[in-house]
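The values are calculated or read from the model by the stated rules, or taken from the named source; none is laboratory data. Predicted model, so just to flag it, every value in this text is computed and none were measured. Here the Cβ positions follow ideal geometry from the backbone for every residue, glycine too, while neighbour counts run over all protein chains shown.
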Amino acid sequence: MASLTLKAIVVYYTRFGNTRKAAEAISDGIREGGLEAVICKDVKDVKPEELAQYDVIIFGTPTHYGGLADKMLAFMESLRQVNLKGKNSAAFDTRYVGEKTGGLEELEKYMKEFGMNIMLRGLPVLLPAGDAWGPIRNGELRKCKEFGTSIAQKIIGKNAYSFQRF
C-alpha cells in the first residue's frame, strides 16, 4: 500500500499500562492504513508546542472517576497556548465495562474547543469491571488497530471503518 507523507502522533497518558497498549495498537493501525510517519508518546514526553507540527493528533486517556486522568487534564489545559485549529484529530479512552461515559468525552470537548477536526467518533477501550490493572478485554486491541487503520484511510480518502459504541 502506498504511503502518504503526513505526520501523525498518538499522545496518551497511562497509569497501569492499558492505555499505552491501546495507543500502540492504534499507531500500528495507522501505519498499516498507509501513514508511515507515526509517533506514539506518553504526555510526559511531549511539549505542547510540539503538536503544531503534526497533521493528525490522537489523544488517549484512562477514565478516572468518570473523566480525564489528572495528568491528561493538565496536558489538555496546556494546549490552550497552541494553535490546533483545523488539525485532524480523534480520541480514545480506557474504561470499565458498563461505564457510559469517560475521559473520551472530555477529550472531545477540548478538541472541539480548540477548533480541531474530529475525524471519527471516539473509541472506548474496555477493561473488566472494577479492574484498573486489566488486562484489556479480548478483542479490544483489535478494535484499536482497526480504529487506527480507519484514521489513516479517512486521511487518504478511502472508506473508513464504522465504529459503534458498545
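Tell me which helices (runs of 4 or more DSSP H) are completely within the range 10-124 and hold 3 or more residues being over 15 Å from the mean Cα position of the chain (by Cα), or say none if there are none. Working first, answer last.
Numbers: elements: 18-32, 70-78, 103-113.
Output list reads 70-78.
Just to check your reading of the model, which residue among Gly102, Gly115, Gly86 is modelled with pLDDT under 95 and small (Gly, Ala, Ser)?
Working: Gly115 fails: modelled with pLDDT under 95; Gly86 fails: modelled with pLDDT under 95.
The match here is Gly102.
Which numbered condition trips up Ile58, out of (1) over 19 Å from Gly115 (Cβ atoms); (2) surrounded by 18 or more Cβ atoms within 10 Å (Cβ to Cβ); (3) of a type in the set (Val, Ile, Thr)?
(1)
For the range 1-30, enumerate the residues that are touching a residue at least 24 places away in the same chain (Cβ under 8 Å), surrounded by fewer than 19 Cβ atoms within 10 Å (Cβ to Cβ) and touching a strand residue (DSSP E or B) at 6+ places or on another chain (Cβ under 7 Å). Steps first, answer last, please.
To start, the set of residues in the range 1-30 that are touching a residue at least 24 places away in the same chain (Cβ under 8 Å) comprises 1-19, 21-23, 25-30.
Filter again for surrounded by fewer than 19 Cβ atoms within 10 Å (Cβ to Cβ), leaving 1-7, 15-17, 28.
The answer is Ser3, Leu4, Thr5, Leu6, Lys7, Arg15.
Return the pair list, or none, for Cβ contacts closer than 6 Å from residues in the range 151-162 that are among the small types (Gly, Ala, Ser) to residues that are at pLDDT 50 or above, at least 6 apart or on different chains.
Hits for this filter: Ala152/Ile30; Ala152/Gly33; Ala152/Gly34; Ala152/Leu35; Ala160/Ser150; Ala160/Gln153; Ala160/Lys154.
Taking the conditions exactly as written (among the aliphatic types (A, V, I, L, M) and over 19 Å from Arg20 (Cβ atoms)), does Leu51 satisfy them or not? Full working, then the answer.
Details: among the aliphatic types (A, V, I, L, M): yes; over 19 Å from Arg20 (Cβ atoms): no.
Considered against the rule, which asks whether it is among the aliphatic types (A, V, I, L, M) and over 19 Å from Arg20 (Cβ atoms), Leu51 comes out as no.
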